[in-house]
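Quick notes on the structure that follows.
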Amino acid sequence: LKSLMGRVIFHVDMDSFFASVEKRKNPALEGLPVIIGADPKGGKGRGVVSTCSYEARKFGVHSAQPISKAYKLCPHAVFLPVNMELYQKVSERVMALLRSFSDRFEQVSIDEAFLDVSEKVKQYTSPQQLAERIKDEIRRKEGLSCSIGVAPNKSAAKIASSLRKPDGLTVVNPEKVKEFLNPLPASKISGVGRKMQERLASLGIKTIGQLARQPLDKLTEHFGRWGLRLWEVANGLEEDEVEDSYPIKSLGTEHTFEEDVGDWAVVEDCLNSLVEKVHRRVLEEGFLFRTVGVKIRFEDFETFTRSKSRQIPTNQKEVLHEYAELLLKEFKDDSRKLRLIGVKVSNLQKVGKTRNLLEWSR
Ligand SMILES: [Mg+2]
């Protein structure tokens, strides 16, 4: 616990990021429900909701929902396609700004980051003042709002940032981490999804406080290493470092079929073109990868991801292709048709664009 003393961690999460960027571009959207996602086609589209504004959330619209469902819930919303290039550019500026306020910086996604500000914060009267300064800067320079959670560790900071969205600021006093966590539902812990929530509930565990009071060996018996992790987070004892990271963590792309596909030859064709695309970007960005992942969604929306890693980093297309094909094979005998497939590489490292790529291609 000693190592947590004096640590100040911020978790910064942009508020409905894609929708906010669209609103900034077109102020007429202000106050309207805005839904960003692929291909609404008057409610007959096959994509999913990527993000939506808070006005749309009131109608029950949320990320990852089929866009046709969102259309039913909120037909009067403004539907916009995903303009990833624009969001990426804005994200890069926001992340650079956040980085400048931190001792150590870890980008988690396009709109989310951890900042270790343990040293920097000493130039301010309080963590609160630094957090407000960051919020002001992002508002002034980018016209966007964010929510910030402040705590002595990452897991509590992440939970804190989610509590008062949008435009929230939640500071957890280092002596009161457990008090803060106790009443919250266990689902607030990152990684506790619906399935995990059900398993915990079957043991009578609903809140983080109840989780914290379980004997550790009971949790490890049920959940293995993950049980230890849950116990540490619930007790405010998690001590992960904010890891200075390269901004891009993975490169990937996916494809939603116009019509669900049962013919495996079509799937393999599509896989080949996705592999081509991802591999081109790997070379353009000058990366080596260690992990290949695939994503697969069946006609009933059940979605799976699988990944496979190797020891030695590479940028070879053959490896990417071989791994992706191998991972996809598991699903070949499923009788359901396919709706979407995706390919990505992660565990990236930079080769540097000037180096001879061949030198690395083993
Ligand atoms: Mg966000």
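Identify all residues within the range 109-129 that are in contact (Cβ under 8 Å) with a residue 60 or more places away in the chain and either among the aliphatic types (A, V, I, L, M) or more than 14 Å from residue 14 (Cβ to Cβ) (or both); write none if there are none.
Result: 110, 113, 115, 116, 117, 118, 121, 127.
Pull out all pairs, ordered by first then second residue, where Cβ-Cβ is under 7 Å, the residues are six or more apart or on different chains, the first lies in the range 150-164 and is free of Cβ contacts under 8 Å to residues at least 60 places away in the same chain and within 11 Å of residue 188 (Cα to Cα), and the second is outside any helix (DSSP H, G or I) and among the polar types (S, T, N, Q).
Hits for this filter: 163/170.
Among the residues that make up the range 219-237, is at least one of them touching an Asp or Glu at 6+ places or on another chain (Cβ under 9 Å) and open to solvent by 40 Å² or more (accessible area, probe 1.4 Å)?
yes
Enumerate the strands (runs of 3 or more DSSP E) found wholly within the range 7-117, keeping only those where 3 or more residues are within 16 Å of the ligand (Cβ to nearest atom), open to solvent by less than 10 Å² (accessible area, probe 1.4 Å) and in contact with an Asp or Glu (Cβ under 9 Å, 6 or more places away or on another chain). Step through it out loud before you land on a result.
Working: elements: 9-14, 34-37, 49-52, 78-80, 104-109, 112-116.
Filter on the range 7-117 gives 9-14.
Just to be sure I understand the filter: pairs with C-beta atoms under 6 Å, separated by 6 or more residues or on different chains, first member in the range 271-290 and open to solvent by less than 40 Å² (accessible area, probe 1.4 Å), second member part of a loop (DSSP other than H, G, I, E, B) and aliphatic (A, V, I, L, M). Which pairs pass?
These pairs meet every condition: 286/351; 287/348; 288/351; 289/348.
Any residue at all in the range 291-313 that is open to solvent by 60 Å² or more (accessible area, probe 1.4 Å), at positive phi and either of a type in the set (Phe, Trp, Tyr) or in contact with a helix residue (DSSP H, G or I) (Cβ under 9 Å, 6 or more places away or on another chain) (or both)?
Scanning the range 291-313 turns up at least one residue that is open to solvent by 60 Å² or more (accessible area, probe 1.4 Å), at positive phi and either of a type in the set (Phe, Trp, Tyr) or in contact with a helix residue (DSSP H, G or I) (Cβ under 9 Å, 6 or more places away or on another chain) (or both).
Out of the range 195-240, which residues are basic (Lys, Arg) and farther than 22 Å from residue 183 by Cβ?
195, 225
The values are calculated or read from the model by the stated rules, or taken from the named source; none is laboratory data. As the structure is a computational prediction, the values presented were derived from the model and not from experiment. Glycine gets a Cβ as well: all are built from the backbone with ideal geometry, and neighbour counts include every protein chain shown. What goes into the accessible areas is simple: the full protein's heavy atoms, side chains included, and nothing from ligands, DNA or RNA. Shrake-Rupley method; radii C 1.70, N 1.55, O 1.52, S 1.80 Å.
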